[in-house]
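Report on the structure given below.
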Amino acid sequence: MHVLLFVPLLAVTLLVVLIVGIVRLVRNRDLRTGAAGADLRAVERWTTLWRWVGVLLGACLAVAALAQQDVGLGRLALAAPAIAGCSVLLAIMVGEWTIRPSSAQRRTASLTSRSFATLVPRARLWVTATGIATLATLLGIGMATASPDDQGRAGRALTATCVQDLSGIGSTVLTATNGPWPGTYYALPAALIMLATIGFGIVAARAIRDRANPDSSHAAYDTHLRRDAMRRVVSAIGATAWGTAGPIAIVMSSALHGNGCVTGGDPFAGAALLIALISLVIAMVLTATVLLPARAPEAAARENAAPRARS
């Protein structure tokens, strides 16, 4: 029920991403031709190819996981966003580490030293770090408060005890158990996949920083490519964290709302649903960053147009 509320939002977001992507492709075509040499365009094509391999692989695996609702009582389905994000980061990492050298006979390389501070987008890094912290908090709360379900499976249910006045009986101690609840049964797989995603992202980021510039005459475009690649890596990690936190918060909201013995259950359920909404919106924005073509590198185009104008 709660999930259906987000379907229109997802559809509108995908439509906006498609429109913006088409517009950027049309506007960027001529600017890229003037801003980058053949070697850098080859690097861009190679990394773009691997990124989309990851996107398609992640989408297929996520759909397959969602289709297996009965496998592991939904354990695989709840980890679907993490599986998708992990696939994307793995492909990006492979693409960065397997950039093929130029086939040109004469090449020039820049040995300029670079640091993460000059390449990583700080605002986006904070958004990603907040997403990881939010996911860790939700998983921590889930594991700390979970209990076995009616079949004895640990970390899958929420159990609470309360005293209620029943007609004709008086005060009675009741114990309510319901689920699913994101305890260890669901949290551990999601946490492990998220850790792998962060690891792939760190390795990819190091490759982006350390790779050689095959064309020192187009330094501005090389810097543009590195910053764009780093922005996508950080965004993919953030989209994975926020995208995983959203469904977990929805599950928590449903369980809290359905357990009559949890003190303040409905307010907590509402707060969890709000967290889910915020998480999914941020995840979709970050996912758009991963999917959309980069903005036209106008500064790089001007830099390389200047020498031609003077000659």
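None of the figures in this text is laboratory data; all of them are computed from the coordinates on show. Values in this document were obtained by computation on a predicted structure and should not be read as measured data. Quick reminder, even Gly has a Cβ in these numbers, built from the backbone with ideal geometry, and neighbours come from all protein chains shown.
Here are the numbers:
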| quantity | calculated |
| --- | --- |
| Equivalent ellipsoid semi-axes, region 180-234, via Cα gyration tensor eigenvalues times 5, rooted, Å | 37, 10, 4 |
| Label-point gap, in nm, between GLN164 and ILE278 - each point 7 angstrom along Cα→Cβ | 3.2 |
| Packing rank of 62-75, 183-196, where each peptide gets the mean count of other beta carbons within 10 Å, highest leading | 183-196, 62-75 |
| FRET efficiency, ARG114 to ILE202 (Cβ-Cβ, R0 25 Å, nearest 0.05) | 0.95 |
| Net length gained if the chain between ALA59 and ARG45 were fully extended (0.36 nm per residue, minus Cα distance) | 2.9 nm |
| Region 204-274, Rg to Rh (Cα coordinates; Rh as Kirkwood inverse mean 1/r) | 1.41 |
